[in-house]
Amino acid sequence: MFINYAHRGASAYEPENTMASFRKALEMRATGIELDLQGTKDGKIVISHDKTIDRHSDGTGRISDYTYEELLKFDFGSWFDKQYKDERIVLFEDFAREFLPKNLTFAIELKQVGIEKETLEIIRKYAVHDDIYVSSFEYEALENMRRCDADLKLSWLIRDSINEDNTEKLLRIQGTQICPKAENVTPAGIELAAAKGLRVRLWGVSNEEIMRQVYPLDTDGMTVNFPDKLRILMEEDRQHTEGGTR
């Protein structure tokens with residue numbers, strides 16, 4: 001099944017990685033949610049793409065230098081629009097409590113090594129199905145996750161094309177999904193992954209043109225900031241298929 005992953009939530013319309021963004025993704029009928037995890041000074045897991053809070057809050061500095069309570073003092077919405085001034089950094093456990101029981105597929109990205117155990121504990125506490133992929137660019141983080149759980153679905157985010165080396169490396173940790181940047185994916189790479197029993201998810205779908213270029217390829221889905229537009233494309237495709245025009 002092709003999954004429409006809302007990238008950091010519906011981040012074209014709401015401030016990324018906030019509850020507003022994740023809830024908007026549901027309104028837009030995304031079938032998956034992608035989010036990013038970082039560790040705080042006091043060992044809490046929060047949702048943030050960046051290691052620092054400079055870009056998307058009214059504060060500065062590294063997340064790892066603040067406790068969770070200290071981070072709550074910052075405004076994580078006004079950078080996007082002043083109507084979101086009450087948005088705060090999201091504790092992963094709060095997200096998990098609300099969203100993991102839903103009929104969605106999740107791509108949970110570890111942005112650093114060292115938060116694997118705490119992340120897994122929260123997933124196990126709230127998950128009601130196994131449509132959960134723990135992903136990372138950090139191969140070591142995925143190795144650590146595999147040591148903690150023999151069955152968890154692992155996705156390796158890569159910046160180059162799918163090739164023999166990276167597919168074999170992923171297979172060494174019994175990975176499930178390899179994730180190249182959309183502009184680097186090729187039909188041959190997808191075929192190679194499939195031959196090795198690996199699935200493919202795309203990232204870096206930054207505009208509608210790229211979305212439409214890669215959508216016909218045989219992948220498991222893609223992360224987009226605009227899940228409403230991908231949903232429309234998927235519906236158009238289904239109508240064409242049912243009408244026998246494709």
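Since every read-out is calculated from the coordinates, none of them should be taken as a lab result. As the structure is a prediction and not an experimental result, all values here were calculated from the model. No Cβ is skipped: glycine too gets one built from the backbone with ideal geometry, and neighbour counts run over all protein chains shown.
If the only charges are +1 at each Lys and Arg Cβ and -1 at each Asp and Glu Cβ, what is the size of the charge dipole of the range 3-242 around the Cα centre, to the nearest 20 debye?
Approximately 260 debye in magnitude.
Modelled label-to-label distance, residue 213 and residue 242, 7 Å Cα→beta-carbon offset: nm?
Modelled inter-label distance: 3.1 nm.
Could you tell me the relative contact order of the chain? Use alpha-carbon pairs under 8 Å, at least six residues apart, and round to a whole percent.
18 percent.
To the nearest 0.05, how large is the calculated FRET efficiency for residue 121 and residue 23 if R₀ is 30 Å and r is the Cβ-Cβ distance?
Computed FRET efficiency for residue 121 and residue 23 comes out at 0.75.
What nm distance separates the two modelled labels at residue 128 and residue 42, each placed 7 Å from Cα along Cα→Cβ?
Between residue 128 and residue 42, the simple spin-label model gives 3.1 nm.
Summarise the long-distance tail of P(r) for the chain by giving the % of C-alpha pairs beyond 25 Å. Don't skip to the end; give the middle numbers.
On the way: 12730 of 30135 pairs.
Of all Cα-Cα pairs in the chain, 42 percent lie more than 25 Å apart.
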